[in-house]
């Protein structure tokens, strides 16, 4: 699902039609005698019809005048403006050009010619036409508004912005100028700056739905979702049956995790506009994210049949995965579906122009299956490379530039999540702590979260490059930096960096463990992972060359730990041991259901605590899956609502033990538990993502909570939960050793050493 684009300026022709002063010339020189008077009267009559909005009659009247007097410039001009108002811009431009042949000095004619050319899609010609009038119309705000529209359409957003600002300087309360500048700023990603302009414009002219719809998008982009909701509702009052508005409001509701209302809106919108593929795509995507896996697949099938020229639907159906798998067979079937598609002739025939907009998803949920994802990840990447040659971009310097010798290494860091996010907490200090005597740091910042933490992290880079929300343009922007090395912190978390990573933007390109699974992308040379997180033979799990870091590559921002809360503060019994698994519900593998059942059977008083899903449908699906596995013990599984950070830390402190889920465990969550004084029970599964807590424990030399298998997991959990003395002793050792894993002095140094060696020797390349 993608955000809706801003709606273009529908007010740009305000004041275009000239008033009766256009008739001055013919009134002063009507021709000879009675004939001239008749022509004058015909023209005045046609112009009166024009002003009354009777456009077709006015057109006929102007043509009669021109039959009688073919060289009359005003008539050609007025005929053109009438045709433009009637929605015929190309012939309108021809008529106005004829007027200019007769009266080449009329710059007001050139202004309206510019408008006609804009509407006919001839933006470059419009820019030229308007430029020729600039000397005479430089003090006219309407002229600058026209320039803004022409330059925007011609692909010159900076020029459009300058033109809009000129118009505002001339007429500060000009609706069109304010609105155009707001559109410009919004289109450049400056959503907060656009809002005061939208506010002023709406006060001046609050007619039509488009200003409200566009302000809604700007508010949505900066997280003011409640205000955006109000704007969408006002827009719908003005245009209640507009499918695009219903679709845009559906997107907002989906982002607010209100899937049920979003799905209802998409269905309504599609009933109004059954020819709009985007609406059906949003419907299927929302069904999928809401956990309605089977329903979403059926919607994709319907979309494939209804829109056979839209190959993206077949791709989305093939790559779709259940957010909350029903069972192991469903996981197997979903993975087999991907493999079958990749091997099919259908996949070979598909072409994509831009997978970011057409697909708009990475295969995020694949990593939670507890399987080796290498073959599928490589196959998916090869498919995208073949289907969309645009992804195969290579920066000119990346192929043959020599390693730096007498200068600093230009290192780029790319992530959408270096902000108030786990990625920012884990990697922000690490990457900015790299030795500046050896490196200059460039932050390649994709569109995404812009909060206070993002600003603070960005301030520590030598250079920040704001990447445009377009993969091809973003690749060119990154290439212009001429980086020696590029490090992605988390490929696979979202689609932008996943697709961008297919380009060769630097001679050395690495990824580290922000998303703990291979990318499968051939242009990513190495995967940097903590050696303590990896099993023997883990190289087979990665398409990239596995680089094992001797330290844990992170410098974790420590948690503020409030006093531990009481269980009853969270609706849980104080007198029962709490086994808390505070992970996203999609981390709970179906096999883990049985492990939870073992704990409840081993401790008849114990309570399993889970956090409700960001989407309410996820919670329902987990409950439905757990019930048959746990039977009567299901009543001792309690779901706690999503909590603010301080309350969340208090909840961690209230639990006797944390439960690290199998196949995909915690790192940030585990460290938060350590800070709160709550040990985590873990079992090291086959892949790095299931071994992170084990690696932390082994680095700290605290191994009491590492289980050898399913039975031992339950035994350790129940023993530590019910033995306060033992638990206190373990927590004491954890707290003493925790500094060794959260802010290791050597982490940034080790990262710099490894990258410098790769750049020097080109050993980053496979």
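The values are calculated or read from the model by the stated rules, or taken from the named source; none is laboratory data. Since this is a predicted model, take the numbers as computed values, not measurements. Counting neighbours? That spans all protein chains shown, and the Cβs are built from the backbone with ideal geometry, glycine included.
Structure summary
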| item | result |
| --- | --- |
| Residue in the stretch 459-466 that is modelled with pLDDT of 95 or more, in the same structural domain as residue 514 (by TED's automatic domain parsing) and under 27 Å from residue 644 (Cα atoms) present | yes |
| Boolean, residue 660 is within 24 Å of residue 533 (Cβ to Cβ) and either under 30 Å from the mean Cα position of the chain (by Cα) or crowded, with 21+ Cβ neighbours inside 10 Å (or both) | yes |
| Helices (runs of 4 or more DSSP H) wholly inside the stretch 96-150 that include at least 1 residues being within 40 Å of the chain's Cα centre (by Cα) and farther than 17 Å from residue 163 by Cβ | 107-119 |
| Residue match in the stretch 555-575 (condition: assigned to a loop (DSSP other than H, G, I, E, B) and within 20 Å of residue 618 (Cα to Cα)) | no |
| Among the candidates 334, 312, 290, residue that is closer than 17 Å to residue 376 by Cα and either surrounded by fewer than 20 Cβ atoms within 10 Å (Cβ to Cβ) or touching a residue at least 12 places away in the same chain (Cβ under 8 Å) (or both) | 334 |
| Among the residues listed as 55, 44, 39, 94, the single one being closer than 23 Å to residue 145 by Cα and either surrounded by 17 or more Cβ atoms within 10 Å (Cβ to Cβ) or modelled with pLDDT of 80 or more (or both) | 94 |
| Test result for residue 250, farther than 27 Å from residue 149 by Cβ and either buried (at least 19 other Cβ atoms within 10 Å of the Cβ) or in contact (Cβ under 8 Å) with a residue 40 or more places away in the chain (or both) | yes |
| Filter result (outside any helix (DSSP H, G or I) and within 13 Å of residue 615 (Cβ to Cβ)) within the stretch 276-306 | 290, 291, 292 |
| Odd one out for residue 615 among (1) surrounded by fewer than 22 Cβ atoms within 10 Å (Cβ to Cβ); (2) over 18 Å from residue 599 (Cα atoms) | (1) |
| Flag for residue 626 being outside the structural domain of residue 513 (by TED's automatic domain parsing), assigned to a strand (DSSP E or B) and touching a helix residue (DSSP H, G or I) at 6+ places or on another chain (Cβ under 8 Å) | no |
| Filter pass, residue 318 being part of a helix (DSSP H, G or I) and closer than 21 Å to residue 498 by Cβ | yes |
| Hits in the stretch 584-608 - residues which are surrounded by 19 or more Cβ atoms within 10 Å (Cβ to Cβ), under 36 Å from the mean Cα position of the chain (by Cα) and outside any helix (DSSP H, G or I) | 588, 589, 608 |
| Residue match in the stretch 526-543 (condition: closer than 18 Å to residue 439 by Cβ and out of contact with any helix residue (DSSP H, G or I) (no Cβ under 6 Å at 6 or more places or on another chain)) | yes |
| Elements of type helices (runs of 4 or more DSSP H) contained in the stretch 704-766, each with 2 or more residues being in contact with a strand residue (DSSP E or B) (Cβ under 9 Å, 6 or more places away or on another chain) and within 18 Å of residue 436 (Cβ to Cβ) | 746-761 |
| Boolean, residue 398 is modelled with pLDDT of 95 or more, in a helix (DSSP H, G or I) and more than 28 Å from residue 279 (Cβ to Cβ) | no |
| Residue under evaluation residue 674, criteria (1) touching a residue at least 40 places away in the same chain (Cβ under 8 Å); (2) in contact with a helix residue (DSSP H, G or I) (Cβ under 6 Å, 6 or more places away or on another chain); (3) more than 22 Å from residue 423 (Cα to Cα), criterion not met | (3) |
| Checklist (1) touching a helix residue (DSSP H, G or I) at 6+ places or on another chain (Cβ under 6 Å); (2) closer than 23 Å to residue 470 by Cα; (3) surrounded by 20 or more Cβ atoms within 10 Å (Cβ to Cβ) applied to residue 387, failing item | (1) |
| Hey, residue 437 surrounded by fewer than 21 Cβ atoms within 10 Å (Cβ to Cβ), under 25 Å from the mean Cα position of the chain (by Cα) and farther than 20 Å from residue 521 by Cβ or not | no |
| The stretch 676-703, residues that are in a helix (DSSP H, G or I), more than 12 Å from residue 741 (Cα to Cα) and within 32 Å of the chain's Cα centre (by Cα) | 688, 689, 690 |
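Residues checked against (1) more than 17 Å from residue 159 (Cβ to Cβ); (2) buried (at least 21 other Cβ atoms within 10 Å of the Cβ); (3) at pLDDT 80 or above:
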residue	(1), (2), (3)
90	yes, no, yes
101	yes, no, yes
104	yes, no, yes
109	yes, yes, yes
113	yes, yes, no
119	yes, no, no
129	no, yes, no
138	no, no, no
